[in-house]
Amino acid sequence: MTTVAAYAAPAAKAPLERTTIERRAVGESDVLIDIKFAGICHSDIHQAREGWGEAIFPMVPGHEIAGVVSEVGPGVTKFQVGDRVGVGCMVDSCRECENCLRGEEQYCLKGMVGTYNAVGKDGEPTYGGYSEKIVVDENYVVRIPDGLSLDVAAPLLCAGITTYSPLHHWNAGPGKKVAVVGLGGLGHMAVKIAHAMGAEVTVLSQSLRKKDDGLKLGADHYHATSDPKTLEELAGTFDLIVSTVSAPMDFGALLSLLKVDGALVNVGAPEEPIALNLFSVIGGRKTLAGSMIGGIRETQEMLDFCAEHGIGAEIELISAAEINEAYERVLASDVRYRFVIDTATI
Ligand SMILES: [Zn+2]
Ligand SMILES: [Zn+2]
């Protein structure tokens with residue numbers, strides 16, 4: 001066991017504070033990672049405040065982890081000391097079910113083991129990236145290509161893969177019209193990635209407040225959903241809409257913007273169930289779908305793609321002492337576009 005410094009929420013809704021946690025000894029197939037940067041994901045806040053139900057405390061959030069391997073177990077074959085690596089939302093899964101076997105570990109039938117706020121196979125709670133070091137089985141670690149700086153790579157481990165996976169699955173590319181709903185942490189990554197894939201990209205945002213940013217990030221068009229003309233003008237336009245927002249929305253109106261056979265894929269979800277007239281999918285053979293992060297193999301593919309296209313997240317680098325303030329700013333949508341903690345300040 002190794003004692004490492006971390007930032008933890010001692011109880012639900014309590015501010016995060018500096019503490020120490022124990023990391024397990026490096027096992028046969030484990031790597032020890034010196035964490036350099038950890039992104040702040042909106043879901044960190046949901047979980048630290050028990051917005052998604054009962055959670056495990058103390059909680060060390062963080063599933064956008066970038067760092068450097070500092071020790072490897074005797075059975076490790078994929079990584080060496082000094083390698084630049086990342087860890088995303090999961091650190092284990094059953095490895096035996098049909099979904100694990102085809103590399104979709106995020107949909108493990110027995111449930112993936114979350115990077116934090118979960119219980120590992122050893123029966124101990126998992127602790128996330130707001131800490132100095134983490135020990136992870138090599139099969140749940142990905143390589144960060146040399147072309148990507150670790151700070152802007154960290155958010156790719158959740159925000160990047162969450163948007164890459166549906167864009168890839170639903171074939172965003174040349175000749176395809178893709179709309180991204182919401183221009184926050186997830187949305188700004190969706191715009192960059194869809195643009196790099198060659199799609200014609202439209203941002204649908206509540207207002208035109210971030211229009212200049214959106215166009216700079218790679219969007220071809222930018223519309224305000226608060227303007228009633230937007231719906232009229234864009235009816236039947238898109239092959240794919242990726243919605244990144246978790247606020248309640250008019251899903252029927254969004255579906256009306258799809259072409260025949262188009263898909264509306266949700267990576268954000270409102271807390272309350274929605275009511276939907278099914279004629280909005282029947283007319284036009286449309287798909288209403290969801291998508292959750294991506295498997296380990298696809299996460300590696302996403303990092304390689306981002307390195308090849310020079311894509312990192314737009315970040316505000318903060319010290320650990322600023323985490324609580326950053327949480328408030330995330331809740332107020334006052335971040336462009338991801339906070340990243342410099343873990344050297346823990
Ligand atoms: Zn996340
Ligand atoms: Zn499984």
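The values are calculated or read from the model by the stated rules, or taken from the named source; none is laboratory data. These figures come from a predicted structure and were not determined experimentally. Positions of Cβ are backbone-derived with ideal geometry, glycine not excepted, and every protein chain shown enters the neighbour counts. These area figures cover heavy atoms from the full protein model, side chains too; ligands, DNA and RNA do not enter into them. Shrake-Rupley method; radii C 1.70, N 1.55, O 1.52, S 1.80 Å.
Only one of these is among the β-branched types (Val, Ile, Thr) and within 14 Å of ligand 2 (Cβ to nearest atom): Val87, Val119, Val91. Name it.
After ruling out the rest, the residue left standing is Val91.
Counting just the residues of the range 166-181 that are open to solvent by 70 Å² or more (accessible area, probe 1.4 Å) and in a helix (DSSP H, G or I), which one comes out nearest to ligand 2 (Cβ to nearest atom)?
Once the filter is applied, the top-ranked residue is His169.
Across the range 90-112, what is the number of residues that are part of a loop (DSSP other than H, G, I, E, B) and open to solvent by less than 20 Å² (accessible area, probe 1.4 Å)? Full working, then the answer.
Let us first name the residues in the range 90-112 that are part of a loop (DSSP other than H, G, I, E, B), namely 93-97, 102-104, 108-112.
If we keep only those that are open to solvent by less than 20 Å² (accessible area, probe 1.4 Å) as well, we get 93, 97, 103, 108.
Count: 4.
Could you please give the count of residues in the range 45-86 that are outside any loop (DSSP other than H, G, I, E, B) and out of contact with any strand residue (DSSP E or B) (no Cβ under 9 Å at 6 or more places or on another chain)? Can you show your working first?
Start the filter on the range 45-86 by keeping residues that are outside any loop (DSSP other than H, G, I, E, B), which leaves 45-48, 59, 65-72, 84-86.
Now drop any that are not out of contact with any strand residue (DSSP E or B) (no Cβ under 9 Å at 6 or more places or on another chain), which leaves 45-46.
The total comes to 2.
Please go through the range 9-25 and pick out each residue that is touching a strand residue (DSSP E or B) at 6+ places or on another chain (Cβ under 6 Å) and closer than 17 Å to Ser43 by Cα.
Passing the criteria: Ala9, Leu16.
Taking helices (runs of 4 or more DSSP H) that fall entirely within the range 240-346, which contain at least 3 residues that are surrounded by 13 or more Cβ atoms within 10 Å (Cβ to Cβ) and charged (D, E, K, R)?
296-308
With the structure loaded, tell me whether Gln80 is more than 16 Å from ligand 2 (Cβ to nearest atom), more than 30 Å from Val335 (Cα to Cα) and not charged (D, E, K, R) or whether it fails that test.
yes
Can you name every residue in the range 42-81 that is out of contact with any Ser or Thr (no Cβ under 8 Å at 6 or more places or on another chain), closer than 23 Å to Ser149 by Cβ and open to solvent by 10 Å² or more (accessible area, probe 1.4 Å)?
Those that are out of contact with any Ser or Thr (no Cβ under 8 Å at 6 or more places or on another chain), closer than 23 Å to Ser149 by Cβ and open to solvent by 10 Å² or more (accessible area, probe 1.4 Å): Val68, Ser70, Lys78, Phe79, Gln80.
Of all residues in the range 26-44, how many are outside any loop (DSSP other than H, G, I, E, B) and either under 12 Å from Glu71 (Cβ atoms) or in contact with a strand residue (DSSP E or B) (Cβ under 6 Å, 6 or more places away or on another chain) (or both)?
Total meeting the criteria: 10.
Here are Thr163, Thr115, Thr126: which of them is farther than 24 Å from Pro74 by Cα and either open to solvent by less than 30 Å² (accessible area, probe 1.4 Å) or more than 16 Å from ligand 1 (Cβ to nearest atom) (or both)?
Thr163
If Ser226 passes every condition in (1) buried (at least 17 other Cβ atoms within 10 Å of the Cβ); (2) among the hydroxyl-bearing types (Ser, Thr, Tyr); (3) modelled with pLDDT under 95 but one, which one does it miss?
The failed condition is (1).
Here is a list of conditions, (1) away from ligand 1 (no atom under 16 Å from the Cβ); (2) touching a Cys at 6+ places or on another chain (Cβ under 8 Å), and Gly120 meets all of them except one; can you say which number that is?
In the conditions (1) away from ligand 1 (no atom under 16 Å from the Cβ); (2) touching a Cys at 6+ places or on another chain (Cβ under 8 Å), Gly120 misses (2) alone.
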